[in-house]
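Asks: Before I ask anything, let me first share the structure, which is written out below as structure tokens.
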There are 2 protein chains.
Amino acid sequence: MKEKLTIVKVGGAVVEDEAQLSQLLKDFSAIEGNKVLIHGGGRRATQVAASLGIESKMVGGRRITDADMLSVVTMVYGGLVNKNLVARLQANGVNALGLTGADMDVIRSHKRPIKDGVDFGFVGDVDRADGEMLSRLIKAGITPVMAPLTHDGQGHILNTNADTIASETAKALAPYYDVTLIYSFEKKGVLRNPDDDDSVIPTITRADFKQYKADGTISGGMLPKIENALSAIDAGVSRVIITLATAIDGESGTKIF
Amino acid sequence: MKEKLTIVKVGGAVVEDEAQLSQLLKDFSAIEGNKVLIHGGGRRATQVAASLGIESKMVGGRRITDADMLSVVTMVYGGLVNKNLVARLQANGVNALGLTGADMDVIRSHKRPIKDGVDFGFVGDVDRADGEMLSRLIKAGITPVMAPLTHDGQGHILNTNADTIASETAKALAPYYDVTLIYSFEKKGVLRNPDDDDSVIPTITRADFKQYKADGTISGGMLPKIENALSAIDAGVSRVIITLATAIDGESGTKIF
């Protein structure tokens, strides 16, 4: 039987709020056994860019990572956010190791091709995560803390969505561990009624999802999230949980399997 | 017999000059066997701080690391400089892993105490480097790339001199490897005549150093550098080389043993 591994993805908003961050680090440190933390870091990068006089360029609501913005996200995600998380986890007794995809070549990507005339710039679409290398670290008692940055193998860092880092890491580790992937966000879970924060749907299977999609219970931005979760399940991840950042106990939220 | 390990320390000025950096990465990648890279990153931090409207405070010619400056060095040293070096080494076939002292708790320090009324701020004096953990990485084929940042074990990153990171790392690895520590800088080595760039002293032992110090051949800022080198030798490092950043072949420069 495979050992358990818990992978927690936390967004940039939580990392930037001291009260929430402090709770999250306490809860994450309390998770027994093998674990991995994956963080975003969106808003601080925008603030630092603005302070440096670098404009955040958007096309169709999505950020463009030009050369200057790549420097900023490399500094903020790979340095400021990642290293402070690592230092604070160490203070909590967690033997954390900060990683980008370039470190030990753990996540390789390629620059997203120009599509419909839109060039997202230095954004990486993941080719592969090295589950074998990550599992060796984890077996040695290390807790990887992964920034949303990858590399192309040609010497370039690329900006990569943290949700993608989380799902690719979970899939790559599924052959080695019984993986629970927890996506934390600002709601208690997937809601039956978006106006009622307590209307959390406790479990969703692929069959349930088809039904909820057909009858309109689940719609909008939640659709791709659950599709990603189901694709992780198909790739061997045992369960995906969507929950509040302050409720990463593995019990709260919506469980997808 | 212990395996050979080469530790190269490169200053911020080289890292910021594309021609020199490119040569250094090529030369470093060509070093056979076990190796570690340690980098500074001074001027870019000052530039980023200035762009962010953060004043670089100096007392007696030495930089004070206040909270804002600590954020800047964490971004620049731990993120921008470190991760770009890692990505470029990966492109050269070197399986690099970027580390601060907080990562896997490899270098623990304490905040430098206030002395003679001067508070250097968030500057760390090293307590210990974990040679056992670093040697496990190196044995696994990993090349550590170390930023001049440590942590206090209480959740705080501290700014730490890159020369000190280099000597402490070399000392900590001496029980496991036959260590050559190379300090690269802007001269060809320790010069007999400061006005003649080719007057490199090829070897210096402790006896030679006493003599050169007494007769004034070596003076000023070179004295503490060589004292540090000799203390590394006393702690088991096999040899220390002071050389040009573009001549890290282990033969050029001044060899101290």
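Asks: State which helices in chain A qualify, where a helix is a whole DSSP H run, it must extend 24 Å or more along its own axis by its Cα atoms, and its mean Kyte-Doolittle hydropathy must be at least 0.0.
Replies: Going by DSSP H runs, there are no hits.
Asks: Give me the inter-chain shielding for B:63-73: mean count of other chain Cβ atoms within 10 Å, whole number please.
Replies: If you average over the peptide's residues, the count of other-chain Cβ atoms is 1.
Asks: Would you kindly work out, in nm and rounded to one decimal, the distances from the label point of A:Asn161 to those of the same position in each other copy, ordered shortest first, with label points 7 Å along Cα-to-Cβ?
Replies: 4.8
Asks: Now for a different question. With no solvent and one point on each alpha carbon, what is the Debye value of log10 I(q)/I(0) for the stretch B:4-256 at q = 0.12, 0.14 Å⁻¹?
Replies: One equal scatterer on each Cα of the stretch B:4-256 leads to -0.70, -0.96.
Asks: How much FRET efficiency would the formula 1/(1 + (r/R0)^6) give for A:Ser56 and A:Asp127, where r is the Cβ-Cβ distance and R0 is 22 Å, rounded to 0.05?
Replies: My answer for the efficiency is 0.25.
Asks: Follow-up. At 7 angstrom along the Cα-to-beta-carbon line, where would the label on B:Pro202 sit relative to the other copies? Give the distances in nm, shortest first.
Replies: Reported distances to equivalent positions: 8.1 nm.
Asks: Shifting gears a bit: If each DSSP helix of 4+ residues adds -39,500 (n - 2.57) and the sum is divided by the residues in chain B, what number results at 222 nm, nearest 500 deg cm²/dmol?
Replies: -10000 deg cm²/dmol
Asks: Right, here's the next one. Normalising by the residue count of the stretch B:4-256, find the relative contact order in percent from Cα pairs under 8 Å and 6+ residues apart.
Replies: That works out to 22 percent.
Asks: Something else about it: Among DSSP beta bridges whose residues both lie in the protein assembly as shown, state the antiparallel percentage, nearest 5.
Replies: Rounded to the nearest five, the antiparallel share is 35 percent.
Asks: Continuing with the same structure: Once you compute Rg and the Kirkwood Rh from C-alpha atoms, what is the Rg to Rh ratio for the stretch B:184-257?
Replies: Result for the stretch B:184-257 is an Rg/Rh of 0.93.
Asks: Of all the Cα-Cα pairs you can form in the stretch B:96-238, what percent are over 17 Å apart?
Replies: Result for the distance tail: 66 percent.
Asks: Under a GNM of chain A (C-alpha, springs under 10 Å), which listed residue has the highest mean-square fluctuation: A:Ile64, A:Ile182, A:Ile242?
Replies: A:Ile64
Asks: For A:Lys213, go through the lysines and keep the ones whose alpha-carbon is under 23 Å away, minus same-chain ones fewer than eight residues off.
Replies: Result set, ordered by chain and number: A:Lys187, A:Lys188, A:Lys225, A:Lys255.
Asks: Under a crude label model (7 Å from the Cα following the beta-carbon direction), how far is B:Lys213 from B:Gln47 in nanometres?
Replies: About 3.8 nm separates the two model spin labels.
Asks: Against the empirical 2.2 N^0.38 Å scaling, what ratio does the C-alpha Rg of the protein assembly as shown come to?
Replies: 1.04
Asks: Students often get this wrong, so check it: of A:Lys26/A:Lys171; A:Lys4/B:Lys139; B:Lys26/B:Lys111, which have C-alpha atoms separated by over 29 Å?
Replies: Where the Cα-Cα span goes over 29 Å, the pairs concerned are B:Lys26/B:Lys111.
Asks: Where in the stretch B:41-78 is the amide nitrogen less than 15 Å from a point lying 7 Å along the Cα-to-Cβ axis of B:Val118?
Replies: B:57-66
Asks: Over 19 Å between Cα atoms, which of B:Lys115/B:Lys210; B:Lys9/B:Lys83; A:Lys2/A:Lys83 qualify?
Replies: Exceeds cut-off: B:Lys115/B:Lys210; A:Lys2/A:Lys83.
Asks: Within 10 Å of each candidate Cβ there may be at most 11 other Cβ atoms; applying that plus a DSSP loop requirement, which GluC sites (Glu not before Pro) in the stretch A:148-236 survive?
Replies: Filter output for the stretch A:148-236: A:Glu186.
Asks: Please give the average number of partner chain Cβ atoms lying within 10 Å of the Cβ of each residue in A:89-101, rounded to a whole number.
Replies: Going residue by residue through A:89-101 and averaging, the value is 5.
Asks: For the rotation that brings chain B onto chain A, whose beta-carbon in chain B is nearest the axis, and what is that distance in whole angstrom?
Replies: Closest Cβ to the B-to-A rotation axis, residue and whole-Å distance: B:Gly79, 1.
Asks: Give the nm distances, rounded to one decimal, from A:Gln47 to the matching residue in every other copy, measuring between label points 7 Å along Cα toward the beta carbon; shortest first.
Replies: 2.5
Rule-based calculations on the coordinates, nothing more; no lab input. Because the structure is predicted, anything quoted here is derived from the model rather than measured. With ideal geometry, Cβ positions are generated from the backbone for all residues, glycine too; neighbour counts draw on all protein chains shown.
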